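Values quoted throughout were computed directly from the atomic coordinates according to the rules given, and no laboratory measurement underlies them. Worth saying up front: this structure is predicted, and the values here are computed from it rather than measured. Methodologically, a virtual Cβ is constructed for each residue, glycine included, from the backbone with ideal geometry; neighbour enumeration extends over all protein chains shown.
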Amino acid sequence: DPTNFNTAWNHPEPFQRKKWREGIEKEFAKMKQNVVWKKIKRSTIPEGRRCVKCKWVFGIKRNGVFRARLVACGYSQIAGVDFTQVFSPVCNDMTFRIVIIFMMVNRYDALIFDVMTAFLNGDLEEEIYMECPEGMENSDDECLLLLKTIYGLVQASRQYHIKFATILKEIGFAQCKSDPCLFYRNDEDGVCVVLTYVDDNLCVGPRAALEKTCRQVREKGLELTVESELSDYLSCEIKFNGD
């Protein structure tokens, strides 16, 4: 895999060069679509502040997709200035087992949905300035003011969880007090449970309730990829017998 922007953009093999350039352009398009930043003059940055560094990370996924991801260098953030709280909850193992038992006892359906470019949806609580990435047209006196989180920021996972939890509550879900990664709703379509682990979500309930949940989350502006077969979650292989 390419180790930097120039290696990917000018890859000697034509097929890979084309794929890496498509990946880079797709990443920039996502940033623009989500209004992740706006260009500002360096001279307008408040005194005592500095720009967070960024870099490109390249990799070929197992499904053959050439992924180019722009990430912030979190190590260059200043604690107490660029971030305060960074904790983000993840579901408890026991909660996961209880949800699976709940599904089997009630003979409910299940699906897993993944939020695409999840961290580009988090709302920032701090003002963060970032260097313009390679591949962007900019002048020497320009930098970026981040309006949303991006991958690599130390608070990215926390801010995304807050955003996703807010969306689920807006569509009628309640958040479990004993596990903040468990959400549930009971309406005319039946009981629906959503268990979250960063951007991977296990959804359990009657088929109509599952489909409605995915549709409503999409209507809130998140893009989802859905797997209808529950065979693996959080690297746990799941098998059911015929009874």
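A few comments on the model shown:
- Taking 0.36 nm per residue of separation and subtracting the current Cα-Cα distance, fully stretching the chain between residue 216 and residue 3 would add 72.8 nm.
- Residues in the stretch 2-14 carry Karplus couplings, in order, of x, 9, 7, 4, 5, 5, 6, 5, 10, 4, x, 8, x Hz; the curve used is 6.51 cos²θ - 1.76 cosθ + 1.60 with θ = phi - 60°, and Gly or Pro positions show x.
- For the stretch 126-243, the alpha carbon convex hull comes to 167 Å³ per residue, rounded to a whole number.
- Judged by a Cβ-Cβ distance under 4.7 Å, the unpaired cysteines of the chain are 51, 54, 73, 132, 143, 176, 192, 203, 214, 236.
- Candidates 127, 47, 27, ranked by Gaussian network fluctuation over the chain, Cα under 10 Å, top entry: 47
- Here's the picture: a label point sits 7 Å out from the Cα of residue 240 along the beta-carbon direction, and within the stretch 190-227 the residues with their amide nitrogen under 17 Å of it are 191-195, 202-211, 227.
- Relative contact order [Cα under 8 Å, 6+ residues apart], the stretch 22-104, whole percent: 24 percent
- Helical content alone sets the calculated 222 nm signal of the chain at -9000 deg cm²/dmol, taking -39,500 (n - 2.57) per DSSP H segment of four or more residues and averaging over every residue.
- Of the chymotrypsin sites (Phe, Trp or Tyr not before Pro) found in the stretch 79-139, those that fall in a DSSP loop while having at most 16 other beta-carbon atoms within 10 Å are 87.
- Taking GluC sites (Glu not before Pro) across the stretch 131-165, the ones in a DSSP loop with at most 10 further Cβ atoms lying within 10 angstrom of their Cβ are 137.
- Helix 156-170 vs. the chain, principal-axis angle (Cα, 0 to 90°, nearest 10): 40 degrees
- Between 0 and 90 degrees, the angle of helix 207-219 with respect to the longest Cα principal axis of the chain falls at about 20 degrees.
- For the stretch 90-243, a crude dipole built from +1 on the beta carbon of Lys and Arg and -1 on the beta carbon of Asp and Glu, taken about the Cα centre, is about 1040 debye to the nearest 20.
- Label selected from (i) 146; (ii) 133; (iii) 181, the criterion being volume of the Cα convex hull per residue in Å³ as computed here: (i)
- Karplus-derived 3J(HN,Hα), 6.51/-1.76/1.60, for each residue of the stretch 77-85, Hz, glycine and proline x: 7, 9, 4, x, 10, 8, 6, 10, 8
- Proximal lysines relative to residue 53, as straight alpha-carbon distance under 17 Å, when same-chain residues fewer than 8 apart are discounted: 38, 39, 41, 148
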